[in-house]
Amino acid sequence: MAAAADDRHRDRRLAMVRRQIEGRGVCDPRVLEAMKSVPRHRFVSRALASDAYKDHPLPISSGQTISQPYIVALMAEAAAIGSCDRVLEVGTGSGYGAAVLAELAGSVVSVERHRKLADAAARVLAELEYANTTVVCADGSQGYLPGAPYDAVVVTAAASNIPSALLDQLADGGRLVIPVGSPSRSQNLTLITRTGDKTTSQRFCPVRFVPLVEES
Ligand code: SAH
């Protein structure tokens, strides 16, 4: 996939994984490998490329942000993605998170409401040859029915309440990872696991995401 290994940011990327991600307790070897592989600098503007491996979110266009690398890794680990899994990401943004998920999953559908972001992300993902990933411009709070059910759903925007469509589109055994709480304050990173008609919920840590816009 990402023909990334020989880029000039490689050393920074490996140091990022060691210090920011392994250093904070993410230990799933497949997630660590994915974080080592995806060239994060390709998903930000040229002016910010040298900041791409720093320990914080960065601005992208349309007033949105690319999440802190540690949070991307934490969400991917919580979603426990298997190599044949079908994954839905809500909030493509730069496409970076989609690339990390694409390294782990069988297929990824990523939904973004801003056309400009969706097009830019689709372009970079195609350049990096993530053939298992599709970007759709739509309201992701409704999920994406044509690809359902999903083994994992990862939402990278903050919701006050969990949209019911996302739960409905989870496969039996499926995992939903979503920041839940007031968009104007911090949220709790939450993992919902579906077993038959039952769901269980587990809270991880406080996080801060841009709001999930619910249009319908
Ligand atoms: N995963 C991204 C970070 C995205 S920031 C990355 O790796 O860069 C959250 C994104 O969610 C923003 O781009 C925002 O436009 C998008 N978003 C917010 N509400 C949405 C909705 N209802 N449907 C689809 N995308 C949404």
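The values are calculated or read from the model by the stated rules, or taken from the named source; none is laboratory data. Quantities reported herein were computed from a predicted structural model and do not represent experimental measurements. Cβ atoms come from the backbone with ideal geometry, glycine included; neighbour counts cover every protein chain shown. Just so you know, the surface numbers come from the protein's heavy atoms only, side chains and all, with ligands and any DNA or RNA stripped out. Shrake-Rupley method; radii C 1.70, N 1.55, O 1.52, S 1.80 Å.
For first residues located in segment 81-98 and part of a strand (DSSP E or B), partners that are within 6 Å of the ligand (Cβ to nearest atom) and among the small types (Gly, Ala, Ser) and lie 6+ apart or on another chain with Cβ distances below 9 Å form the pairs Leu88/Gly140; Glu89/Gly97; Glu89/Gly140; Val90/Gly140; Val90/Ser141; Val90/Ala157. Taken over segment 54-63, the criterion of being more than 21 Å from Asn188 (Cβ to Cβ), open to solvent by 40 Å² or more (accessible area, probe 1.4 Å) and near the ligand (Cβ under 10 Å from one of its atoms) is satisfied by Ser61, Ser62, Gly63. Looking across segment 107-122 at every residue that is over 15 Å from Ile60 (Cα atoms) and open to solvent by 10 Å² or more (accessible area, probe 1.4 Å), the one that is farthest from the ligand (Cβ to nearest atom) is identified as Ser107.
Taking the criterion of being closer than 18 Å to Asp172 by Cβ and either of a type in the set (Phe, Trp, Tyr) or open to solvent by 20 Å² or more (accessible area, probe 1.4 Å) (or both), the residues of segment 70-106 that qualify are Ala80, Gly82, Cys84, Asp85, Arg86, Gly106.
Of all the criteria given as (1) part of a strand (DSSP E or B); (2) under 18 Å from Gly82 (Cβ atoms), the one not satisfied by Val111 is (2).
When segment 177-216 is limited to residues that are under 17 Å from the mean Cα position of the chain (by Cα) and open to solvent by 90 Å² or more (accessible area, probe 1.4 Å), the one that is farthest from the ligand (Cβ to nearest atom) turns out to be Pro206. Filtering Val26, Val100, Val17, Val72 for residues that are under 24 Å from Ala158 (Cα atoms) and away from the ligand (no atom under 13 Å from the Cβ) leaves a single hit, Val26. Taken over segment 136-168, the criterion of being in a strand (DSSP E or B), closer than 19 Å to Asp119 by Cα and open to solvent by 30 Å² or more (accessible area, probe 1.4 Å) is satisfied by Cys137 alone.
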